[in-house]
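The next block holds one structure in the form of structure tokens; read it before the comments.
The values are calculated or read from the model by the stated rules, or taken from the named source; none is laboratory data. Model, not experiment: these values are computed from the prediction. Neighbour counts are summed over all protein chains in view; Cβ atoms, including those assigned to glycine, are modelled from backbone coordinates with ideal geometry.
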Amino acid sequence: MSGIGIIGGGLGGLAAACTLAARGHKVTLLERNDWLGGKAAVLEQDGFRFDMGPTILTMPRVLERIFSESGRRMEDYLDLVRLDPQWRCFYDDGTVLDLKQDQAEMARDLNELAPGQGDGYRAFLKVASQLSDVSDRFFFWKAVEDLKDTMDFKAQMSLDTLKDVLSLRMHRTVADQVKRNVSDRRVAQMLEHFIQYVGSSPLASPAVLCGIAQMQVGEGVWYPMGGTRAVPAALAKLAEELGVTFRTGVEVERIETEGGRARAVVAKGGERMAFDKVVSNMDSVRTYRELVGGKAWEGFQKGRKREAACSGVVLYLGLDRGYDHLAHHDFVFSRDAEEEFDAIYNKGVPAPDPTAYIAAPARTEPGVAPEGGEALYVLVHTPYLRPGQDWSQMLPGYRQVILDKLKRTAGLEDIEERITFESALTPQDINDRYKVLDGAIYGLASHGKVLGAFKPGNRSRQVEGLYLAGGSAHPGPGMPMALMSGWIAADALDSDAGGRAAGADVAAE
Ligand SMILES: Cc1cc2nc3c(=O)[nH]c(=O)nc-3n(C[C@H](O)[C@H](O)[C@H](O)COP(=O)(O)OP(=O)(O)OC[C@H]3O[C@@H](n4cnc5c(N)ncnc54)[C@H](O)[C@@H]3O)c2cc1C
């Protein structure tokens, strides 16, 4: 066997497979589970259907780009519905606030909620828009590992570039930026929560990540009919049409190198498969530590502390009633954001009064629950797995903390009596099902004012012919970024193999 081997069939692996196959490469994708899509999995039981992992889809242009590689149209594979309000927010003082798509209307609502907050919101979005623009030009659609990869300083150092570097606001955190624009605790909590998309603390993450707000508010929140599961299903269909070979139930244990070059992979059970080049969609740290090892692993970890992003507990609740006051996406905020972030990111313990995210997809697709019922997905972020934390012991107590929070703050007083089906996902389950770093949902934490936004690069500096794709590689976690990561890894590989390097064209679009 030769051609390209891809380890892992998460969104990053699937995006890489589609892009490489579209550019004429022979691709074999190896996935240890018996489904494709990784964390974008589905749970169906007793007439209820739950997306198990991601539920909020933003930046569909990334998917469009992947489909267009082979001249296909995303609309022929996926039916995306735009959601407005984007989120409904519930606060412990009884305030309910919708995050609306229309920025003028949203600003009016916020000025009514507390004087000046709407104007502050607009100012925040202006900064977010600048930062998103800088990300588009310097971080996205190209293989990046550090600041020097983003800009060719010698060739490009002009006044404009300097302005761009300064606009990254490297001396500020997300929380600093939010505080400069809004003073109301509720509005600040809402804006700081965008950084939860990358599982990191707003108090420790660089301000450049405020750009995430613009990527959502400006480009919309989308629901794929059939659930987010429809995204990997559509990519797998495209990949099959393009001739990708899928092998599920195959766990790779080693990447074999020869003279510093990736040559083959060895699966559990000893099967050896020779490849010209290898793309790993497995967690980047675990790829180097467990599949490569030796000097490459030492080189990879030198000088950079790589800490897992947060983990989480998900409750999948099948109910015999619906809650009409919920929107499709809801945030039920903690009583005190600092207490919550301190618990999760500093103390490494579950927050005593957490923020709960609820997805109630029956608002958009009633078929997810039996008639009159509701398929509720409740996610609470927790610390990544710490030594001695046994979630089989911790889950029952924390489940009660979560349900009490929903009763107290989101008006779901009778939820416990309404449950007819229940299942859960813990940090340990996330760790074991997806083989991630310490149970992390979102790859590596984005902490650090200067280097926080940089993730391991897509083109390995340690092993020739090895490429990294997925939420723990550049540009980072979340559906759009993991998909883009797959595209970038494929583009870098293709250009190294003498194919067409489309990165420059796309970055300019
Ligand atoms: C509960 C939860 C909620 C989330 N909510 C959102 C959300 O609302 N919006 C959003 O944008 N993102 C969300 N995310 C994050 C998003 O799901 C991820 O960032 C994204 O799906 C990661 O994709 P990935 O390509 O990195 O791979 P993963 O999904 O981690 O897949 C990697 C694949 O590689 C396989 N693999 C690993 N090692 C090997 C090996 N050695 N051999 C063979 N196969 C291997 C694994 O089995 C897995 O299938 C959420 C995640 C979770 C868990």
Filtering the range 110-122 down to residues that are touching a residue at least 40 places away in the same chain (Cβ under 8 Å) and more than 16 Å from Q216 (Cα to Cα) yields L110, L113, A114, G116, Q117, G120
Of the residues that sit in the range 428-456 and are modelled with pLDDT of 95 or more and basic (K, R), which one is nearest to the ligand (Cβ to nearest atom)? K435
Qualifying positions in the range 259-287 - outside any strand (DSSP E or B), within 14 Å of the ligand (Cβ to nearest atom) and closer than 19 Å to A489 by Cα: F275, N281, M282, D283, S284, V285, R286, T287
Considering only residues of the range 39-53 that are over 19 Å from Y77 (Cα atoms) and within 16 Å of the ligand (Cβ to nearest atom), which is surrounded by the fewest Cβ atoms within 10 Å (Cβ to Cβ)? L43
Looking only at the range 415-427, which residues are in contact (Cβ under 8 Å) with a residue 24 or more places away in the chain and surrounded by fewer than 20 Cβ atoms within 10 Å (Cβ to Cβ)? R418, I419, T420, F421, E422, S423, A424
Strands (runs of 3 or more DSSP E) (entirely within the range 18-91) containing at least 1 residues that are under 28 Å from I419 (Cβ atoms) and among the aliphatic types (A, V, I, L, M): 42-45, 80-83
Go through (1) more than 25 Å from A230 (Cβ to Cβ); (2) over 20 Å from the mean Cα position of the chain (by Cα); (3) touching a residue at least 40 places away in the same chain (Cβ under 8 Å) one by one and return the number of the condition D342 breaks. (3)
Quick test for you: out of E240, E298, E290, pick the one residue that is assigned to a helix (DSSP H, G or I), without any contact (Cβ under 8 Å) to a residue 60 or more places away in the chain and more than 21 Å from E31 (Cβ to Cβ). E298
Just checking, which of R459, R500 is out of contact with any Leu (no Cβ under 6 Å at 6 or more places or on another chain), at pLDDT below 95 and either away from the ligand (no atom under 13 Å from the Cβ) or not assigned by TED's automatic domain parsing to the domain that holds G24 (or both)? R500
Would you check if L406 is touching a residue at least 12 places away in the same chain (Cβ under 8 Å) and within 30 Å of M282 (Cα to Cα)? no
For R306, all conditions in the list (1) part of a loop (DSSP other than H, G, I, E, B); (2) more than 30 Å from D184 (Cβ to Cβ); (3) within 16 Å of the ligand (Cβ to nearest atom); (4) out of contact with any helix residue (DSSP H, G or I) (no Cβ under 6 Å at 6 or more places or on another chain) hold save one; what is the number of the exception? (4)
Test Q400 against the stated conditions and say whether it is part of a loop (DSSP other than H, G, I, E, B) and surrounded by fewer than 21 Cβ atoms within 10 Å (Cβ to Cβ). no
Of the conditions (1) closer than 22 Å to M282 by Cα; (2) out of contact with any helix residue (DSSP H, G or I) (no Cβ under 8 Å at 6 or more places or on another chain), T364 clears all except one; give me its number. (1)
Criterion first (part of a helix (DSSP H, G or I) and not aliphatic (A, V, I, L, M)) does D342 satisfy it? yes
How many residues, within the range 298-326, are at pLDDT 95 or above and among the polar types (S, T, N, Q)? 1
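Rundown of residues vs (1) within 30 Å of A497 (Cα to Cα); (2) modelled with pLDDT of 90 or more; (3) of a type in the set (A, V, I, L, M, F, W, C), yes/no style:
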{"position": "G199", "(1), (2), (3)": "no, no, no"}
{"position": "I212", "(1), (2), (3)": "no, yes, yes"}
{"position": "G226", "(1), (2), (3)": "no, yes, no"}
{"position": "V244", "(1), (2), (3)": "yes, yes, yes"}
{"position": "E253", "(1), (2), (3)": "yes, yes, no"}
Answer with yes or no whether K455 is of a type in the set (K, R) and farther than 30 Å from V134 by Cα. no
Reported set for the range 462-486 where residues are in contact with a strand residue (DSSP E or B) (Cβ under 7 Å, 6 or more places away or on another chain), within 13 Å of the ligand (Cβ to nearest atom) and assigned to a loop (DSSP other than H, G, I, E, B) is A469, S472
When residues of the range 23-38 are limited to those that are surrounded by 21 or more Cβ atoms within 10 Å (Cβ to Cβ) and within 21 Å of M74 (Cβ to Cβ), the one nearest to the ligand (Cβ to nearest atom): G38
So M59, is it near the ligand (Cβ under 8 Å from one of its atoms), within 14 Å of the chain's Cα centre (by Cα) and not hydroxyl-bearing (S, T, Y): no
